[in-house]
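Engineer: This structure is in structure tokens; I'll ask about it shortly.
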Amino acid sequence: MPRPQREKDFPIFSSPGSSTKKKTASKELSQAEANASVSELTSQTTMEQILSDVKLLSSRMKDMDASIGTRLDIINVALGDFKVSADLEKRMEEAEGRISGTEDSLGTHGTSIAALEKLDDLENRGRRKNLKIINLPEKVEGDTPLVDFLQNMLPTLVGLPADHPPLEIEQAHRALAPAPAPNKPPRSILVRFLRYPHREAVLNAAKKKRDIHYGGSQLRFYPDLSAEVLRRRQDITDFLGLLI
């Protein structure tokens, strides 16, 4: 069966507007393709711009993060300084409290020390008529009362002037300790004179004579002082010993 012939096989029979339509369609297709290309280029440009903006925004955010981090570090340092300052202020308050307490305590101690010094002064005033004799042999007085023995023996022993008034002794006794063994040093003797000038006369004469012996022993004479005064004198002696 013969194939039907199409219109293009017989151009003579084609309509005059057919060519024009084809040209118009071709132009429209070209325009569409151009528009598509422009749209694609525009879309590509837009994506590149967006990517560029995103990168710029990311860079700015990093800069902001760095800036925020720096500021946070500054804030942390400031907070640390504030904490240190607060801690120092607290310590200063505690130190002031301790100093205030110490001052109050010193005031109380100062009052106590003043009272003790006054008592020590009163004690030494009460001892000012006393005399200590060291190294006088035990039982040297025999059956004679110790007071009578010393009143008769001391003027000649220390070398008091012949015109010196007779010594008057209120009390005399050995140190309150058990009697020592024969080969041990004798107990000291505490003598209390009735009058302070008598004690001073005996003490000064003994210092002047210095070498005083009795019963084969060298005697030493000292004023009767409180333990605090003796301690202070010993401290001074030790200090002077360091200087020599």
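Engineer: Among the residues of the stretch 170-185, count how many are under 18 Å from residue 218 (Cα atoms) and loosely packed, with under 10 Cβ neighbours inside 10 Å.
Structural biologist: 3
Engineer: Kindly indicate the residue of the stretch 186-204 that is aliphatic (A, V, I, L, M) and more than 52 Å from the chain's Cα centre (by Cα) and also surrounded by the fewest Cβ atoms within 10 Å (Cβ to Cβ) among those meeting that condition.
Structural biologist: 194
Engineer: Hey, among the residues in the stretch 222-244 that are closer than 21 Å to residue 199 by Cβ and either of a type in the set (A, V, I, L, M) or not assigned by TED's automatic domain parsing to the domain that holds residue 133 (or both), which one's modelled with the lowest pLDDT?
Structural biologist: Across the stretch 222-244, the extreme among qualifying residues is 230.
Engineer: Then there's this: Take the conditions at pLDDT 80 or above and surrounded by 10 or more Cβ atoms within 10 Å (Cβ to Cβ) and apply them to residue 95. Does it pass?
Structural biologist: When the stated conditions are applied, residue 95 passes them.
This table checks each residue for (1) more than 17 Å from residue 129 (Cβ to Cβ); (2) among the acidic types (Asp, Glu); (3) touching an Asp or Glu at 6+ places or on another chain (Cβ under 8 Å); (4) modelled with pLDDT under 90.
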| site | (1), (2), (3), (4) |
| --- | --- |
| 169 | no, no, no, no |
| 175 | yes, no, no, no |
| 180 | yes, no, yes, no |
| 187 | yes, no, yes, no |
| 202 | no, no, no, no |
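Engineer: Confirm whether residue 224 is acidic (Asp, Glu), surrounded by 10 or more Cβ atoms within 10 Å (Cβ to Cβ) and closer than 24 Å to residue 117 by Cβ.
Structural biologist: Spelling it out, residue 224 is indeed acidic (Asp, Glu), surrounded by 10 or more Cβ atoms within 10 Å (Cβ to Cβ) and closer than 24 Å to residue 117 by Cβ.
The values are calculated or read from the model by the stated rules, or taken from the named source; none is laboratory data. In this text, all values refer to a predicted model and were calculated from it rather than measured experimentally. Don't worry about glycine lacking a Cβ; one is built from the backbone with ideal geometry, like all the others, and counts go over all protein chains shown.
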